Amino acid sequence: MSSRDTQRAKVYAAEQFVRTLFDRTAEHGNQVVEFFGAQLTLPPEGRFASVASVQAYVDEVLAHPRIRTGWPDTGPLTVRARRGATAAHYERAEGRAVIAVPERQTTWALRELVVLHEIAHHLCRAEPAHGPEFTSTLCEVADAVMGPEVAHVLRVVYAKEGVRLGSRSEG
C-alpha cells in the first residue's frame with residue numbers, strides 16, 4: 001500500500017517555477033540570473049526533438065559515473081511515446097521501467113528538467129512518490145548532470161514552496 005503523496009502539488013509548483021526561470025534565461029539569451037540575492041549562471045537546458053533523443057539522453061544519464069555509483073543496482077529505463085501532450089510519467093509494469101513522453105513536440109515535456117524528474121522516479125523507490133527522498137534524489141541527479149547551480153535552485157525553490165527534502169535510500 002502506498003502512502004499519501006502530500007507534497008505532489010508543491011513539488012510540481014516548485015518545478016514549474018524552475019522551468020519558467022530556465023525559459024526566461026533562454027528568451028533573454030543570458031544564462032546569468034539574480035536568484036534570491038545571488039547571481040547564478042545557469043546551464044542551457046536540453047530540449048528534445050523525439051522519443052529517440054529522450055532515450056539517448058536517459059541512457060547517458062544512467063551511465064553517468066555519479067549516477068552509477070550512487071544507484072548501482074538501477075536497471076534499464078525505456079522511453080516510449082504516449083498519446084496526448086498533457087503529461088509525461090514514469091511507470092513500472094511487468095518488470096519494466098518506462099518513461100512515457102508525448103509524441104508531439106511540447107514546450108514543457110520534451111525538456112531536460114522534466115526528463116530528470118522522471119529519471120528520479122526510476123532511481124527513488126521510496127513512498128510517497130514525491131516525498132522527501134524523491135526531492136533529494138532529483139537534486140542529486142540535477143547536480144550530477146546539470147551542475148550544482150541547478151541543484152541549488154531546486155533546493156531553494158522547494159524550500160520556498162514548503163517541500164521537504166530528505167536523505168535518500170541508496171539504490
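The values are calculated or read from the model by the stated rules, or taken from the named source; none is laboratory data. Computed from a prediction, not measured in an experiment: that's the story for all the values here. We place every Cβ from the backbone using ideal geometry, glycine too, and count neighbours over all the protein chains shown.
So for segment 39-57 (the condition being loosely packed, with under 13 Cβ neighbours inside 10 Å, among the hydroxyl-bearing types (Ser, Thr, Tyr), out of contact with any Ser or Thr (no Cβ under 9 Å at 6 or more places or on another chain) and assigned to a helix (DSSP H, G or I)), does at least one residue qualify?
Within segment 39-57, not a single residue is loosely packed, with under 13 Cβ neighbours inside 10 Å, among the hydroxyl-bearing types (Ser, Thr, Tyr), out of contact with any Ser or Thr (no Cβ under 9 Å at 6 or more places or on another chain) and assigned to a helix (DSSP H, G or I).
Here are some residues: Ser53, Ser3. Which one is of a type outside the set (Val, Ile, Thr), out of contact with any Cys (no Cβ under 8 Å at 6 or more places or on another chain) and more than 22 Å from Ser136 (Cα to Cα)?
Going through Ser53, Ser3 in turn, the sole match is Ser53.
Filter segment 10-38 down to residues that are of a type in the set (A, V, I, L, M) and exposed (fewer than 12 other Cβ atoms within 10 Å of the Cβ) and give me whichever is nearest to Leu165 (Cα to Cα). Quick ask: steps written out before the conclusion?
Here is the first cut: in segment 10-38, the residues of a type in the set (A, V, I, L, M) are 11, 13-14, 18, 21, 26, 32-33, 38.
Those still in the list that are exposed (fewer than 12 other Cβ atoms within 10 Å of the Cβ) too: 32, 38.
On the way: Val32: 26, Ala38: 22 Å.
The residue in question is Ala38.
Can you tell which of Glu60, Glu45 is within 26 Å of His152 (Cβ to Cβ), in contact with a strand residue (DSSP E or B) (Cβ under 8 Å, 6 or more places away or on another chain) and of a type in the set (Asp, Glu)?
On the way: Glu60 fails: in contact with a strand residue (DSSP E or B) (Cβ under 8 Å, 6 or more places away or on another chain).
That would be Glu45, the only listed residue that is within 26 Å of His152 (Cβ to Cβ), in contact with a strand residue (DSSP E or B) (Cβ under 8 Å, 6 or more places away or on another chain) and of a type in the set (Asp, Glu).
Return the residues of segment 90-145 that are of a type in the set (A, V, I, L, M) and not in a helix (DSSP H, G or I); say none if nothing qualifies.
Answer for segment 90-145, where residues must be of a type in the set (A, V, I, L, M) and not in a helix (DSSP H, G or I): Ala93, Ala97, Val98, Ile99, Ala100, Val101, Ala109, Leu110, Ala126, Ala129.
From the list Asp5, Asp23, exactly one residue is assigned to a loop (DSSP other than H, G, I, E, B) and either in contact with a helix residue (DSSP H, G or I) (Cβ under 9 Å, 6 or more places away or on another chain) or at pLDDT below 95 (or both). Which is it?
Asp5
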